[in-house]
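FYI, it's all coordinate maths here, none of it is from the lab. If you're wondering where the values come from, they're calculated on a predicted model, not measured in any experiment. We place every Cβ from the backbone using ideal geometry, glycine too, and count neighbours over all the protein chains shown.
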Amino acid sequence: MLKKVKKEEKPPKNVPSRKISSKKKEPEISELKGQECPMCKQKSLTLTEAERDIPYFGKVYIFSMTCSNCKYHKSDVEVAEKQQPCKYSLEISGDNDLNARVVKSSEATVKIPHIITIEPGPGSNGYITNVEGVLNRIKGIIESTRDVEEDKEAKKKASKLLKKINRAMFGQEKIKLIIEDPTGNSIIISEKAIKSKL
Ligand SMILES: [Zn+2]
């Protein structure tokens, strides 16, 4: 799995080397095709590693694996410098907040109090986006649970939550976005964001 590739001391031949790519200033993407997929066991998995400099945070490695056969996909982010466990909290009240950059690792819990808590799991991905991107992902999760939900009350509740998020995105309501990460590989980059210990 991805973790193994990241942490193995002797990486298998041809695995993108961090040391080589970190010497270059330009963002570099290393790609490794034809790997065995952990799901369908075909040699149709592509591993990629890229790095990005995130202002006010540092160098971030982005790992991903995608299978062209079964469409399995997994991605994660990791900060080059080891970080402390952290919690970021941002009150969303307008466009500026929606544009704030977010780095979220696969180990992070994402919360909007009174609306939803998304705990990390084996299917969690890490990604770099902005607050709007995080809210859109959360909306997607609520929408898909609403669509499969049989219970009318639960459906109604999901629709209400979606409305609430939409209103916040239009600056008509305030909601709080909280990201907690025991690995410290996550951040909400905004002057308004409150960082605290986890
Ligand atoms: Zn596959």
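Distance between the C-alpha centers of the stretch 121-150 and the stretch 100-115? Whole Å please.
10 Å
Can you return the aspartates and glutamates within cross-link range of K59? Criterion is Cα-Cα under 20 Å, with same-chain partners fewer than 8 residues away left out.
Cross-link targets: E26, E28, E31, E49, E51, D76, E78, E81, E107, E180, D181, E191.
Mind pulling the angle between the C-alpha long axis of helix 131-148 and the longest principal axis of the chain? Nearest 10 degrees, somewhere in 0 to 90.
The answer is roughly 70 degrees.
Of all the Cα-Cα pairs you can form in the chain, what percent are over 32 Å apart?
Summing the P(r) of the chain above 32 Å gives 23 percent of all pairs.
Once you have a ≥ b ≥ c as the square roots of the Cα gyration tensor eigenvalues for the stretch 144-198, tell me rounded if a/c is under 1.5, and otherwise prolate or oblate according to whether a/b is larger than b/c.
Cα axes put the stretch 144-198 in the oblate bin.
For the chain, which cysteines have no disulfide-compatible partner, meaning no other cysteine Cβ under 4.7 Å?
C86
Would you be so kind as to identify which of I179, F63, I138 lies farthest towards the positive end of the dipole of the chain, taking Lys and Arg as +1 and Asp and Glu as -1 on Cβ and the Cα centre as origin?
Of the options given, the answer is F63.
Per residue, how much space in cubic angstrom lies within the convex hull of the C-alpha atoms of the stretch 86-197?
Here the figure is 92 Å³ per residue.
Hey, what number do you get for the chain at 222 nm if only DSSP H runs of n ≥ 4 count, each worth -39500 (n - 2.57), divided across all residues, to the nearest 500?
When only DSSP H runs of four or more count, the value is -7500 deg cm²/dmol.
Report, in listed order, any pair from K111/K163; K104/K176; K71/K152 with a Cα-Cα distance greater than 23 Å.
K71/K152
Take the alpha carbon gyration tensor of the stretch 35-118, find the square roots of its eigenvalues, order them as a ≥ b ≥ c, and report rounded if a/c is under 1.5; if not, report prolate when a/b exceeds b/c, else oblate.
prolate
Between helix 152-169 and the chain, what is the angle of the helix's C-alpha long axis to the longest principal axis, kept within 0 to 90° and rounded to the nearest 10?
Taking the Cα atoms of the chain, the angle to 152-169 is about 80 degrees.
Quick one: net charge around K104, please, counting Lys, Arg +1 and Asp, Glu -1 for every other residue with C-beta under 11 Å from its C-beta.
Every neighbour counted, the sum reads -2.
Among the aspartates and glutamates, select those whose C-alpha is under 17 Å from the C-alpha of K157, and discard any that sit fewer than 8 residues away in the same chain.
E143, D147, E149
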